[in-house]
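Here is the structure we will look at, set down as structure tokens.
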Amino acid sequence: MNIHEYQAKELLAKFGVPVPAGFAAMSVEEAVAAAGKLPGPLWVVKSQIHAGGRGKGKFTELGPDAKGGVRLAHSIDEVRDHSAEMLGKTLVTVQTGPAGKQVQRLYITDGVDIAKEFYLALLVDRESGRIAIVASTEGGMNIEEVAHATPDKITTITVDPATGLMPHHGRSVAAALGLSGDLAKQCASVLAKLYDAFLGTDASQIEINPLAITEGGQLMVLDAKVGFDSNAMFRHKDLAELRDLSEEDAHEIEASKYDLAYIKLDGDIGCMVNGAGLAMATMDIIKLSGGEPANFLDVGGGASKEKVTAAFKIILSDPAVKGILVNIFGGIMRCDTIAEGIVAAAREVKLEDPLVVRLEGTNVDLGKKILSESGLPIVAADDLGDAANKIVAAVKQRVAA
Ligand code: ADP
Ligand code: MG
């Protein structure tokens, strides 16, 4: 689960992380009022969308010469003008994809005189199974580009969970950023607070880009991207409230209502599978057979007919889907339940896509009987390889036609 920059900064401030003062605004009036509460003489009007690269982003509705999604303002009138121009518009950045995202919230914040910009992030490093600290002198830039062009400018340190963050981590990060004296001390202190915030909120990512040195010699967090482990949100009810559904994929929201693990992907073969491992294997074998999965979907172990119906409808409501592969191993979940769900959903939404079903396990014969007696054009498959070949061939034929 991701949150907006202004929410991330409010959260980090509670852990003592230095951030400029600022207020969120949903309208031009609120933006003007927010600016009035800040001292000036420099304000920054920042589009709040769940994507980075806003500063260099472009608004679809404004011309190519218009300013980006992060703008400096030298007066309250300028704050008003920028807010009026950005609110409701579509911002396209390197991270949004070509469709962009509509700006529905702004953040009005103190303008800071920047002497230098750094990059500092904490994330879960799956390879080492530890929290990793990533630091770079190349702040304010797209870190993927830095990693590609000048990987030596990125320093990665992992933290042993048995010891937690140690003073030497702070010294190493300060050294990597070329800081000494008081700035090195500030750096170690900011890092310790970010680490506390990371553990305390079950974060999966805290990315500060830029971490700036001000002309006055202070380290300040000017941009923050924070994401949490969704599986831990049950113990952070206050954080769960920060969720902004308008920033999330509508299908993923629908899926979460039914407790389905659904992730939209770029391909055209919709998948309905039970168990995350089987779902991964199914996606692998689709790719191996020359196809591309349209989604990851795990309906879980003990799904009801309603859950299967909901899952099937979510897959079908994705316009990119050109065919569906159902691959179910009936253990706790019975094959007849799956079959009933498929038939119910296929009747509700007019099924035009080819549908290949591979069932195995408890009540498999009953499940197959329900499917074959349904009158639906379902292709039965014998095993995983056969199922993948059949659906890939059917989708290729459909796309060619
Ligand atoms: P994004 O990464 O989405 O482009 P940022 O918040 O990083 O958005 O803003 C882009 C750039 O704008 C920053 O690299 C920084 O140079 C400048 N900036 C952001 N916030 C401030 C601020 N409060 N004061 C001065 N400049 C800022
Ligand atoms: Mg940034």
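The values are calculated or read from the model by the stated rules, or taken from the named source; none is laboratory data. This one's a predicted model, so the numbers in the text were calculated from it and none came from an experiment. Positions of Cβ are backbone-derived with ideal geometry, glycine not excepted, and every protein chain shown enters the neighbour counts. Keep in mind that these areas ignore ligands, DNA and RNA; they rest on the heavy atoms of the full protein, side chains included. Shrake-Rupley method; radii C 1.70, N 1.55, O 1.52, S 1.80 Å.
Matching residues to (1) modelled with pLDDT of 95 or more; (2) touching a Gly at 6+ places or on another chain (Cβ under 8 Å):
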{"site": "Asn142", "(1), (2)": "no, yes"}
{"site": "Asp152", "(1), (2)": "no, no"}
{"site": "Thr158", "(1), (2)": "yes, no"}
{"site": "Leu165", "(1), (2)": "yes, no"}
{"site": "His168", "(1), (2)": "yes, no"}
{"site": "Arg171", "(1), (2)": "yes, no"}
{"site": "Gln186", "(1), (2)": "yes, no"}
{"site": "Leu191", "(1), (2)": "yes, yes"}
Tell me yes or no: at least one residue of segment 71-85 is hydrophobic (A, V, I, L, M, F, W, C), assigned to a helix (DSSP H, G or I) and touching a residue at least 60 places away in the same chain (Cβ under 8 Å).
no
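Per-residue answers, yes or no, for (1) within 16 Å of ligand 2 (Cβ to nearest atom); (2) among the small types (Gly, Ala, Ser):
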{"residue": "Glu138", "(1), (2)": "yes, no"}
{"residue": "Thr158", "(1), (2)": "no, no"}
{"residue": "Ala162", "(1), (2)": "no, yes"}
{"residue": "Asp182", "(1), (2)": "no, no"}
{"residue": "Leu194", "(1), (2)": "yes, no"}
{"residue": "Thr201", "(1), (2)": "no, no"}
{"residue": "Ser204", "(1), (2)": "no, yes"}
{"residue": "Gly217", "(1), (2)": "no, yes"}
Please verify whether segment 214-229 includes one or more residues that are away from ligand 1 (no atom under 16 Å from the Cβ), touching a strand residue (DSSP E or B) at 6+ places or on another chain (Cβ under 7 Å) and not in a helix (DSSP H, G or I).
yes
Segments classed as helices (runs of 4 or more DSSP H), wholly inside segment 314-401, with at least 1 members that are surrounded by fewer than 18 Cβ atoms within 10 Å (Cβ to Cβ) and at pLDDT below 85:
335-348, 384-400
Quick one: what pairs do we get from segment 220-233, first residue over 18 Å from Met141 (Cα atoms), second among the acidic types (Asp, Glu), C-beta under 6 Å, 6+ apart or different chains?
Phe228/Asp202; Asp229/Asp202; Ala232/Asp202
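Mind checking which residues of segment 283-313 are in contact with a strand residue (DSSP E or B) (Cβ under 6 Å, 6 or more places away or on another chain), closer than 14 Å to Asp268 by Cα and in a helix (DSSP H, G or I)?
Met283, Ile286, listed by residue number.
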In this structure, is Lys58 in contact with a His (Cβ under 8 Å, 6 or more places away or on another chain) and farther than 30 Å from Leu191 by Cα?
no
The residue that is nearest to Tyr6 (Cα to Cα), considering only those in segment 218-241 that are acidic (Asp, Glu) and within 19 Å of the chain's Cα centre (by Cα), is Asp223
If we keep just the residues of segment 68-77 that are within 16 Å of ligand 2 (Cβ to nearest atom) and open to solvent by 40 Å² or more (accessible area, probe 1.4 Å), which is farthest from the chain's Cα centre (by Cα)?
Leu72
Within segment 41-66, track down each residue that is away from ligand 1 (no atom under 11 Å from the Cβ) and either open to solvent by 30 Å² or more (accessible area, probe 1.4 Å) or in a loop (DSSP other than H, G, I, E, B) (or both).
Pro41, Lys58, Thr60, Glu61, Leu62, Gly63, Pro64, Asp65, Ala66
For segment 228-275, which positions are closer than 19 Å to Lys305 by Cα and among the aliphatic types (A, V, I, L, M)?
Ala255, Leu260, Ala261, Met272, Val273
